[in-house]
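The values are calculated or read from the model by the stated rules, or taken from the named source; none is laboratory data. Quick caveat, the model's predicted, so the values are computed rather than measured. With ideal geometry, Cβ positions are generated from the backbone for all residues, glycine too; neighbour counts draw on all protein chains shown. Surface accessibility is based on the protein's heavy atoms, side chains included, excluding ligands, DNA and RNA. Shrake-Rupley method; radii C 1.70, N 1.55, O 1.52, S 1.80 Å.
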Amino acid sequence: MDTEIQYWTKVLTRVVAVVKSLSSRGLSFRGDNEIFGSTHNGNFMMAIELIAEFDPFLAQHIKTYGHLGKGHTSYLSFHTYEQFIIVMANQVTDQIIKEVHKARYFSISVDSTPDISHKDQLSFILRYVSENGKPVERFLCFIENSGHELTDAVLTVINSYNIDISYLRGQTYDNAMNMSGQYSGLQARIKEINPLADYIPCSAHSLNLIGTCAASCCKNASSVKELSTTRWSAREDACRSLNNNWDRVISALKEIKNNDKQKAQTRCEAKVVELYESLIQYISNLRNEKMFKMYEDRASKLHGDDLDKSFCNECVHFQSHIKSLKDKAPKNIRDLSTLIRSKDLQTIYSYVDIALRMFLCTPAMNCSSERSFSTLRRLKTYLRSVMNNDRLNALAVLNIESELTSSINYDNIIKEFAESQSRKKI
C-alpha cells in the first residue's frame, strides 16, 4: 500500500504542477482530443508530454496507463484536472477569507461588464490590510446575472463567505447612478445596513471624464491629438500628447471659460477645469491628516466614549515614539502602518493600529475591478463561451491571485483530492 501511495503521489504531483502553471497564467486546458501524441490534445497534455521527455517516471506512466481509455485509472484525463482546479481555487479563496477575518476591517469594490456570451458579470473585490501592514486588494468572484438587484447580490456574497458586514468601512464604484445614487444606489442601500461604510467615487473614472471633456474642448489645438475609436495606437498617442501638454490644456480651458466672445455652451464645457482642480483637492484631502483624524475619532468611538481620553493619550505617546526614530521615520500613512507591524507595536498602540487599518482599507478607485475584466475576456472566449460560472470563478481566482496560487502546497492539494476520491466506508 505504501508503494502504491508513493507511486500515485508522484503522478499527482506532476499533474498539480501543470494545473498550477496553466491556471495561474489563464491558459486553456483542453484541446480537440485527449490522445497522447496528437498535435490537437490541448495545453494540459502538451505540458505532460513535455515533462515526460525529461522525466523517465512520467514517460513510463504514460506508456503504461496513457492509452487504456475509460474505466482505467491514469489521473491524466480532464476529470482529474477539473477537480484540481476546484480544489486549488477553494484553497486560495479560503486563504483570502482567513486574511479578511484576521484584518477585521475591509472595503468592497464592485463593477460589472458583459462577457462573450452577453451575460452580465459583476466583479467583487475585497480590500483590507495584510499582516505586514500594507493594504491589498483581492478578487473574490464573478456574480452572474445580478440584474437590478445589486444589493441582494452583494449581500449574498458577503454572507456566503461568512464575512461580517459590520466591519465594512468603505465602498467604491463607478459614477453610474445604480451604483453611486444618493438615495437608491447600491452605496445608499449598503449605508442603510452599515452607516460606517463610507462611499468613495472612483477617482480614476472621475479623472477620465474630466480628461475626455478637456480633450474634446481643445480638439482644435495643435498639442492635443484626437481619439480614435478603432486604433489602440492612436489612443496611446492621444494620451501621451495630453499628458505632455497638460499645462497648455488647462491654460486654454481657462482662457475659453473667461472669453465673452465664445458661445455659452463652449464656456460652460470649458468649466471642466474647475472640476479638475476640485478633484485634485479631493485626492489631497484623502491623504492629509484631517481625513486620518476622522478615522482616529471613529476608532475611539468604536470602543465607547469613555475610552476617548485613553485613545488620545495613546496617540500622543505614539507620536513621540515615532519622532524618536529619526532615521526610520515613515513618510506616509502606509509606511507608518508597515513600521508598526515590523516593530510589533500593534499590541502597544492598539487604537492607532485600528485607525490605520480602517484608513488604509478604504479604496480611492475601483481599478482592480476593471483589471478583472481583462482576465474575464481571456478566460471566457468564443471557444469557451459555454463555460459555467463555477469553473469561470475558479479559473479567475487562480489567474488573478496567481501569487497565492503559486504558494499553495502540493501535499495539501493532493491530500484534499484524495479525501474527496476515497470510497472507503467509515
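Within region 58-66, identify whether any single residue is assigned to a helix (DSSP H, G or I), closer than 30 Å to Ile200 by Cβ and either free of Cβ contacts under 8 Å to residues at least 40 places away in the same chain or not β-branched (Val, Ile, Thr) (or both), and answer yes or no. Looking through region 58-66, none of the residues is assigned to a helix (DSSP H, G or I), closer than 30 Å to Ile200 by Cβ and either free of Cβ contacts under 8 Å to residues at least 40 places away in the same chain or not β-branched (Val, Ile, Thr) (or both).
None of Phe54, Phe44 is without any contact (Cβ under 8 Å) to a residue 60 or more places away in the chain and in a helix (DSSP H, G or I) except Phe44. Regarding Ile158, is this residue under 16 Å from Cys367 (Cβ atoms), among the β-branched types (Val, Ile, Thr) and open to solvent by less than 10 Å² (accessible area, probe 1.4 Å)? When the stated conditions are applied, Ile158 does not pass them.
Specify which of the listed residues (Asp111, Asp94) is open to solvent by less than 20 Å² (accessible area, probe 1.4 Å) and among the charged types (D, E, K, R).
On the way: Asp94 fails: open to solvent by less than 20 Å² (accessible area, probe 1.4 Å).
Exactly one of Asp111, Asp94 is open to solvent by less than 20 Å² (accessible area, probe 1.4 Å) and among the charged types (D, E, K, R), namely Asp111.
Checking the conditions here, which among Ser385, Ser374, Ser420, Ser406 is hydroxyl-bearing (Ser, Thr, Tyr) and under 27 Å from Cys202 (Cβ atoms)? Show your work before the answer.
On the way: Ser385 fails: under 27 Å from Cys202 (Cβ atoms); Ser420 fails: under 27 Å from Cys202 (Cβ atoms); Ser406 fails: under 27 Å from Cys202 (Cβ atoms).
Step by step, each of Ser385, Ser374, Ser420, Ser406 is checked, and only Ser374 is hydroxyl-bearing (Ser, Thr, Tyr) and under 27 Å from Cys202 (Cβ atoms).
The criterion of being of a type in the set (Gly, Ala, Ser) and at pLDDT below 85 does not hold for Ser368.
Among the residues here, Asp115 does not qualify as at pLDDT 90 or above and touching a Lys or Arg at 6+ places or on another chain (Cβ under 9 Å).
Quickly run through region 352-384 and pick out the residues that are of a type in the set (Lys, Arg) and outside any loop (DSSP other than H, G, I, E, B). The answer is Arg357, Arg371, Arg377, Arg378, Arg384. I'd like to know if region 64-75 contains one or more residues that are open to solvent by less than 40 Å² (accessible area, probe 1.4 Å), hydroxyl-bearing (Ser, Thr, Tyr) and closer than 26 Å to Gln6 by Cα. Yes, region 64-75 has at least one match.
From Glu99, Glu137, Glu131, Glu82, which residue is open to solvent by 20 Å² or more (accessible area, probe 1.4 Å) and in a strand (DSSP E or B)? Step through it out loud before you land on a result.
Details: Glu99 fails: in a strand (DSSP E or B); Glu131 fails: in a strand (DSSP E or B); Glu82 fails: in a strand (DSSP E or B).
Testing whether each residue is open to solvent by 20 Å² or more (accessible area, probe 1.4 Å) and in a strand (DSSP E or B) leaves just Glu137.
The residues of region 252-266 that are assigned to a helix (DSSP H, G or I), modelled with pLDDT under 80 and of a type in the set (S, T, N, Q), listed by number, are Gln265, Thr266.
Take the residues in region 34-63 that are hydrophobic (A, V, I, L, M, F, W, C) and modelled with pLDDT under 90; name whichever of them is surrounded by the most Cβ atoms within 10 Å (Cβ to Cβ).
Filtering region 34-63 for residues hydrophobic (A, V, I, L, M, F, W, C) gives 35-36, 44-48, 50-52, 54, 57-59, 62.
Applying the additional criterion that residues be modelled with pLDDT under 90 yields 35-36.
On the way: Ile35: 13, Phe36: 16.
Across region 34-63, the extreme among qualifying residues is Phe36.
For region 87-95, state whether one or more residues are at pLDDT 90 or above and not in a helix (DSSP H, G or I). Within region 87-95 (the criterion being at pLDDT 90 or above and not in a helix (DSSP H, G or I)), the answer is no, since none of the residues qualifies.
Kindly indicate the residue of region 6-24 that is free of Cβ contacts under 8 Å to residues at least 40 places away in the same chain and touching a helix residue (DSSP H, G or I) at 6+ places or on another chain (Cβ under 9 Å) and also nearest to Asn393 (Cα to Cα) among those meeting that condition. Break it down stepwise before answering.
Here is the first cut: in region 6-24, the ones free of Cβ contacts under 8 Å to residues at least 40 places away in the same chain are 6-7, 21-22.
From what's left, touching a helix residue (DSSP H, G or I) at 6+ places or on another chain (Cβ under 9 Å): 7, 21-22.
Details: Tyr7: 32, Ser21: 17, Leu22: 15 Å.
Across region 6-24, the extreme among qualifying residues is Leu22.
Per the listing Lys343, Lys415, the residue uniquely of a type in the set (D, E, K, R) and over 24 Å from Ile97 (Cβ atoms) is Lys343. I want to confirm something. Restricting to region 372-426 and keeping residues that are free of Cβ contacts under 8 Å to residues at least 12 places away in the same chain and charged (D, E, K, R), which single residue is nearest to Leu22 (Cα to Cα)? Residue satisfying both the conditions and the ranking: Glu403. Taking the condition at pLDDT below 90 and of a type outside the set (A, V, I, L, M, F, W, C), does Ser324 pass? When the stated conditions are applied, Ser324 passes them.
Looking at Thr362, Thr347, just one residue is free of Cβ contacts under 8 Å to residues at least 24 places away in the same chain, farther than 30 Å from Thr80 by Cβ and either in contact with a Lys or Arg (Cβ under 9 Å, 6 or more places away or on another chain) or open to solvent by 20 Å² or more (accessible area, probe 1.4 Å) (or both), and that residue is Thr347.
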